[in-house]
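A.B. asks: Take this structure, written in structure tokens, and hold onto it; I'll ask about it next.
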Amino acid sequence: MNKLLTLMRQNDVDTTFIVPGPNMLYFTGLKIKQSERVTFLVILRNGEIHSLVPEVEQDKFKAVFENNVISYKDEEGIEGALQQLKAVLPQEDFRASVEYSNCRVTEYRVFQSLGCELTNADHLIDSLRLIKEDQEITELQNAAKVLEDSFKATLPFIKPDITEVEIAAQLEYEMKKRGSAGTPFETIVASGPRGASPHGRAGAKKIAAGELVVIDFGCIIDGYVGDICRTVAVGNISDEARKAYEIVKEAQQHAVNLIKPGITAGEIDEAARSIIRSHGYGAYFNHRTGHGLGINPHEEPYIMQNNDQALEPGMVFSVEPGIYLPNKFGIRIEDTIAVTEDGHINLMNLEKDLIEV
């Protein structure tokens, strides 16, 4: 919060409004979801923090902020609470930053009614969330451990004639047992030709012997997202599939090995892409190499072509190159990497040699 206040002063912002969602969790620890009731946090550049909340939510906010909680009853509406809030806001025209990426029209119209100039807060907040504190990296490591343990527990269930959706359900059950608050994205279990779609969701298809199965899944531990992908061979697979797997593994490890402060996100992407291209599969790697992880499953930095953003200590992101051959198979290997002062650490310990069941 203090870092945000510094950025507000540097950018001539008088007030920042935070709505329910990832940034409210980041700044307060409160897991509040958007609903039909208007809820938001008010951060003034002098350091005061106020909140406007429905009466049914006020106890949660008072547990974090003893004072300055303005509440309203459903039957009374928000107008009276807004009048109370106006008394603590700057009395003349002022600049307020708003989360353009999270704010609904509902809240935006409320903010407009306060008589302020509205600007985009995303670049201020994103710059803070981009660099993870040590505790955040610990949370991401905890999430990675849940993913790995859940995957190992699910492996015995992967066999011919079981459906993709049954594997997905088993994975989600195993993660839930280990404390996951849910899944940050729909679990991917894509077997055989369906694996050639990078975002192939689990379906009713039965897994067959001789197929590769792409399994990409995530968990949420204490608000932080874990994300991993492994590709499993069911029985004997073709020589072509086995060769392609080794190429993806080489590309993924080559990219990981280069990670350190100063190298750009685009250079990491090219490191993985060049290996795949050199073996003639360049046209079949059709997505970016990685994305940032934190409270959101996708956030900065994005490990993609033409991104000149230099890596810094504290950045955390996935490295997940792949090969996707239409009507044949797909392969993807994904780890989560944290940049350190002198290199990187891999938050994953799960093997990357081809897993055969």
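A.B. asks: Within the range 61-76, is even one residue surrounded by fewer than 18 Cβ atoms within 10 Å (Cβ to Cβ), of a type in the set (S, T, N, Q) and part of a helix (DSSP H, G or I)?
C.D. replies: Looking for residues that are surrounded by fewer than 18 Cβ atoms within 10 Å (Cβ to Cβ), of a type in the set (S, T, N, Q) and part of a helix (DSSP H, G or I), one finds none in the range 61-76, hence no.
A.B. asks: While we're on this one: Just checking, does the range 326-333 include any residue being within 28 Å of Asp122 (Cβ to Cβ) and in contact with a Phe, Trp or Tyr (Cβ under 9 Å, 6 or more places away or on another chain)?
C.D. replies: To start, the set of residues in the range 326-333 that are within 28 Å of Asp122 (Cβ to Cβ) comprises none.
Checked the range 326-333: no residue is within 28 Å of Asp122 (Cβ to Cβ) and in contact with a Phe, Trp or Tyr (Cβ under 9 Å, 6 or more places away or on another chain).
A.B. asks: Is it the case that some residue within the range 114-122 is outside the structural domain of Ala241 (by TED's automatic domain parsing), loosely packed, with under 14 Cβ neighbours inside 10 Å and more than 23 Å from Phe317 (Cα to Cα)?
C.D. replies: Among the residues of the range 114-122, at least one is outside the structural domain of Ala241 (by TED's automatic domain parsing), loosely packed, with under 14 Cβ neighbours inside 10 Å and more than 23 Å from Phe317 (Cα to Cα), which makes the answer yes.
A.B. asks: Among the residues of the range 35-78, what is the count of those that are over 19 Å from Leu25 (Cα atoms) and among the small types (Gly, Ala, Ser)?
C.D. replies: 2
A.B. asks: How many residues, within the range 305-324, are charged (D, E, K, R) and either surrounded by fewer than 15 Cβ atoms within 10 Å (Cβ to Cβ) or in a strand (DSSP E or B) (or both)?
C.D. replies: 2
A.B. asks: Is there any pair with a first residue in the range 227-246 that is aromatic (Phe, Trp, Tyr) and a second that is not in a helix (DSSP H, G or I) whose Cβ atoms are under 7 Å apart and which are 6 or more apart or on different chains, and what are they?
C.D. replies: Note: pairs meeting the criteria are Tyr245/Thr231; Tyr245/Ile331; Tyr245/Leu354.
A.B. asks: Tally time: how many residues in the range 146-155 are crowded, with 17+ Cβ neighbours inside 10 Å and of a type in the set (D, E, K, R)?
C.D. replies: Result for the range 146-155: 1.
A.B. asks: Which ones in the range 77-103 are in a loop (DSSP other than H, G, I, E, B) and surrounded by 11 or more Cβ atoms within 10 Å (Cβ to Cβ)?
C.D. replies: If the condition is that a residue be in a loop (DSSP other than H, G, I, E, B) and surrounded by 11 or more Cβ atoms within 10 Å (Cβ to Cβ), then Gly77, Ile78, Val88, Leu89, Pro90, Phe94, Glu99, Tyr100, Ser101, Asn102, Cys103 are the ones that fit.
A.B. asks: Quick check: anything in the range 88-96 within 20 Å of the chain's Cα centre (by Cα), closer than 27 Å to Ile295 by Cα, hydrophobic (A, V, I, L, M, F, W, C) and at pLDDT 95 or above?
C.D. replies: To start, the set of residues in the range 88-96 that are within 20 Å of the chain's Cα centre (by Cα) comprises none.
No - not one qualifying residue is present in the range 88-96.
A.B. asks: Sort out which residues of the range 181-201 are more than 15 Å from the chain's Cα centre (by Cα) and either outside the structural domain of His298 (by TED's automatic domain parsing) or modelled with pLDDT of 95 or more (or both), and write them in order of number.
C.D. replies: Ile188, Val189, Ala190, Ser191, Gly192, Pro193, Arg194, Gly195, Ala196, listed by residue number.
A.B. asks: Is there any pair linking a residue in the range 179-196 that is more than 16 Å from Leu293 (Cβ to Cβ) to one that is crowded, with 22+ Cβ neighbours inside 10 Å and hydroxyl-bearing (Ser, Thr, Tyr), with Cβ under 7 Å and at least six apart or on different chains, and which?
C.D. replies: From residues that are more than 16 Å from Leu293 (Cβ to Cβ), the pairs are Ala196/Tyr324.
For (1) more than 17 Å from the chain's Cα centre (by Cα); (2) outside any helix (DSSP H, G or I); (3) of a type outside the set (Phe, Trp, Tyr), each residue gets a yes or a no:
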residue	(1), (2), (3)
Tyr245	yes, no, no
Pro261	yes, yes, yes
Ala271	yes, no, yes
Ala283	yes, no, yes
His291	no, yes, yes
Asn327	yes, yes, yes
Lys352	yes, yes, yes
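A.B. asks: OK, next. Considering only residues that are of a type in the set (Gly, Ala, Ser) and under 9 Å from Ala265 (Cβ atoms), which ones fall in the range 282-314?
C.D. replies: Answer for the range 282-314, where residues must be of a type in the set (Gly, Ala, Ser) and under 9 Å from Ala265 (Cβ atoms): Gly290, Ala310.
A.B. asks: With respect to the numbered conditions (1) at pLDDT 95 or above; (2) under 27 Å from the mean Cα position of the chain (by Cα); (3) loosely packed, with under 15 Cβ neighbours inside 10 Å, which one is the sole condition not fulfilled by Val38?
C.D. replies: In the conditions (1) at pLDDT 95 or above; (2) under 27 Å from the mean Cα position of the chain (by Cα); (3) loosely packed, with under 15 Cβ neighbours inside 10 Å, Val38 misses (3) alone.
A.B. asks: While we're on this one: Output the residues belonging to the range 273-299 that are closer than 30 Å to Gly29 by Cα, free of Cβ contacts under 8 Å to residues at least 60 places away in the same chain and not small (Gly, Ala, Ser).
C.D. replies: Once the filter is applied, which keeps residues that are closer than 30 Å to Gly29 by Cα, free of Cβ contacts under 8 Å to residues at least 60 places away in the same chain and not small (Gly, Ala, Ser), the range 273-299 yields His291, His298.
The values are calculated or read from the model by the stated rules, or taken from the named source; none is laboratory data. Please read all numbers here as calculations on a predicted model, not as lab measurements. Here the Cβ is made from the backbone with ideal geometry for all residues, glycine too, and neighbour counts use every protein chain on show.
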